[in-house]
Amino acid sequence: MTMTGYLRELGRAMTAVEVTDGDGRTMSLDEGFERAVSILTTQTRTGLKVMFIGNGASAAIGSHQALDYWKNGGMRAVTFNDLALLTAISNDYSYPEVFEKPIEMFADAGDVLLAISSSGKSDNILRGADAGRRTGCRVITLSGFRPDNPLRSRGELNFYVPSMSYGHVEVTHLALSHTLVDTIIERRNLGGGQRPPS
């Protein structure tokens with residue numbers, strides 16, 4: 001594949017993102033995006049936090065975005081990627097519980113959980129999303145690959161990238177997350193706020 005061909009396919013994946021609500025009802029990408037912005041701004045305005053979970057590249061997206069959401073977006077944001085936490089919970093409990101346990105401990109009702117998984121079928125992400133729901137979190141999922149992946153039915157809002165390419169799914173997830181925080185920052189700045197320096 002050529003570079004142009006790869007980027008063309010990436011562009012198709014980005015513009016083909018599908019959004020469903022918790023009942024499986026489809027909405028436009030713009031409507032889903034506005035709902036996500038509303039959830040994030042409403043919840044964090046009262047001091048609640050945003051939590052990110054993911055494996056591998058999705059963990060890296062979560063770490064990157066947790067930093068951007070608090071440093072640039074002014075929102076309390078965390079991810080559970082600390083090495084000691086990951087290895088202790090994996091060893092003392094099991095790897096499938098590696099996000100479930102900290103969410104049970106640290107989540108407050110009304111927090112926003114962004115659960116990221118390219119395949120949408122990682123057991124630890126599914127269990128983390130379920131723990132978020134049990135603790136009263138507003139759960140937003142980002143998944144890809146197969147349209148019937150189980151993560152796609154776990155959130156109040158579910159963003160699905162219809163691609164079997166890890167690269168396309170991961171880059172689209174990062175773009176979606178960035179667009180959310182950048183939109184929140186931009187709208188706040190229109191109200192007179194200032195964006196912190198990068």
Practice task
Assuming a ≥ b ≥ c are the square roots of the Cα gyration tensor eigenvalues, decide whether region 45-115 counts as rounded (a/c under 1.5), prolate (otherwise, with a/b larger than b/c) or oblate.
Solution key: oblate
Handout entry: Extension gain, Asn72 back to Arg12 (0.36 nm per residue minus Cα-Cα distance, nm)
Key = 18.7 nm
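Test of the criteria: in region 54-117, which chymotrypsin sites (Phe, Trp or Tyr not before Pro) are in a DSSP loop and have at most 15 other Cβ atoms within 10 angstrom of their Cβ?
Tyr93
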Practice task
Read phi for every residue in region 35-49 and hand back ³J(HN,Hα) as whole Hz from Karplus 6.51 cos²θ - 1.76 cosθ + 1.60, θ = phi - 60°, with x for Gly and Pro.
Solution key: 5, 5, 4, 5, 4, 4, 6, 5, 6, 6, 4, 9, x, 6, 10
Practice task
Using amide H atoms built 1.01 Å from N in the peptide plane, name the residues 5+ places from Val78, or on other chains, whose amide H lies under 5 Å from its own.
Solution key: Val50, Met51, Phe52
Completion exercise
Most packed first (mean Cβ within 10 Å per residue), the peptides 108-116, 141-149 order as 108-116, 141-149
Problem - Long-range HN-HN contacts of Arg138 with modeled amide H, under 5 Å - result: Gly110, Asp111, Val112, Leu113
Problem - Scattering curve values for the chain, log₁₀ I(q)/I(0), Debye with Cα scatterers, q = 0.10, 0.13, 0.17 Å⁻¹ - result: -0.39, -0.66, -1.12
Completion exercise
Note: Glu34 to Phe106 extended length (0.36 nm per residue) minus current alpha-carbon separation gives 23.2 nm
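We did not get these values from a lab; they are worked out from the coordinates using the rules stated. The structure displayed is predicted, hence computed values, not measured ones. Cβ: placed from backbone, ideal geometry, glycine included. Neighbour counts: every protein chain shown.
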